[in-house]
1. So, Thr24, is that one open to solvent by less than 70 Å² (accessible area, probe 1.4 Å), of a type in the set (Val, Ile, Thr) and under 22 Å from Ala132 (Cα atoms) or not?
2. Quick one: would you say Pro118 is closer than 23 Å to Val27 by Cα, touching a residue at least 12 places away in the same chain (Cβ under 8 Å), surrounded by fewer than 16 Cβ atoms within 10 Å (Cβ to Cβ) and touching a strand residue (DSSP E or B) at 6+ places or on another chain (Cβ under 6 Å)?
3. Look at Val168 and say whether it is of a type in the set (Val, Ile, Thr), within 19 Å of Glu31 (Cβ to Cβ) and part of a loop (DSSP other than H, G, I, E, B).
4. Are there any pairs with C-beta distances below 7 angstrom linking a residue in the range 41-56 that is under 24 Å from Pro174 (Cα atoms) to a residue that is modelled with pLDDT under 90 and assigned to a strand (DSSP E or B), with the two at least 6 apart or on different chains, and if so which?
5. Going by the structure shown, is Ala155 small (Gly, Ala, Ser), at pLDDT below 95 and within 20 Å of the chain's Cα centre (by Cα)?
6. Search the range 36-64 for residues being farther than 15 Å from Ala139 by Cβ and out of contact with any strand residue (DSSP E or B) (no Cβ under 8 Å at 6 or more places or on another chain), and hand back the single one that is surrounded by the fewest Cβ atoms within 10 Å (Cβ to Cβ).
7. Considering the range 75-115 alone, what residues qualify as being open to solvent by 70 Å² or more (accessible area, probe 1.4 Å), among the charged types (D, E, K, R) and in a loop (DSSP other than H, G, I, E, B)?
8. Collect the residues in the range 136-183 that are under 18 Å from Val80 (Cα atoms) and of a type in the set (Ser, Thr, Tyr), keeping them in residue-number order.
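The values are calculated or read from the model by the stated rules, or taken from the named source; none is laboratory data. None of these values were measured; they are calculated from a predicted model. Cβ sites come from the backbone with ideal geometry, for glycine too, and all protein chains shown count toward neighbours. Protein only, heavy atoms only, side chains kept; ligands, DNA and RNA dropped before computing areas. Shrake-Rupley method; radii C 1.70, N 1.55, O 1.52, S 1.80 Å.
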Amino acid sequence: VSLAASGWFGGAAPEGVPKFDYATSGVACCEVEIDALSGETCILRADLLMDQGTPLNPEIDLGQVEGGFVMALGLFFSEVVSHSPSGAPTTLGTWEYKVPAVHDIPLELNVSFLPRAPNPAPGATLHSKASAEPPMALAAAAFLAARAAILAARADAGDASKQPPLHVDAPLTPAAVQAACLVDTSQFVLR
């Protein structure tokens, strides 16, 4: 009994490869707050809508959507991968490699499924669709919301025409957010 499956999506499938009938899609909206001085990011709210077809088990699909989304938040905000000059990985454990923790989860996480949207593919099991990694792409909404917050902080800091263009890469760690907000030590004063 084969425990593997293969599929193809995007045009005609090559001969001998079954067409992938379980493609899913989703949309996300995130509200993010940054602290420009410390660089800390807080995801206040995330609303996700996924097309799961007719879920075989909605609670499993819910867990897959939440898990995939939070896993990708690590990619966008905390998981720095680094290597030594010889190429050996230097981020091998949780002392250096920061996977998402409880404080990285959005304060309000709302997940819903597109209602009454069965998968029309004739080979789809009970009109279901794939579950697991697809929601990971939705975490880009949080990254882009944080980028928008950084742009707002930079605008508040002064004349935008005198600022360098904004280029940020993932992960947006606190140090990266602080640097992107153009923070300098003279701003660390009590009034």
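1. Values: open to solvent by less than 70 Å² (accessible area, probe 1.4 Å): yes; of a type in the set (Val, Ile, Thr): yes; under 22 Å from Ala132 (Cα atoms): yes.
In short, yes.
2. yes
3. yes
4. Listed by first residue and then by second, the contacts come to nothing, as the list is empty.
5. no
6. Glu59
7. Answer for the range 75-115, where residues must be open to solvent by 70 Å² or more (accessible area, probe 1.4 Å), among the charged types (D, E, K, R) and in a loop (DSSP other than H, G, I, E, B): Glu96, Lys98.
8. Within the range 136-183, Thr173 is the sole residue that qualifies.
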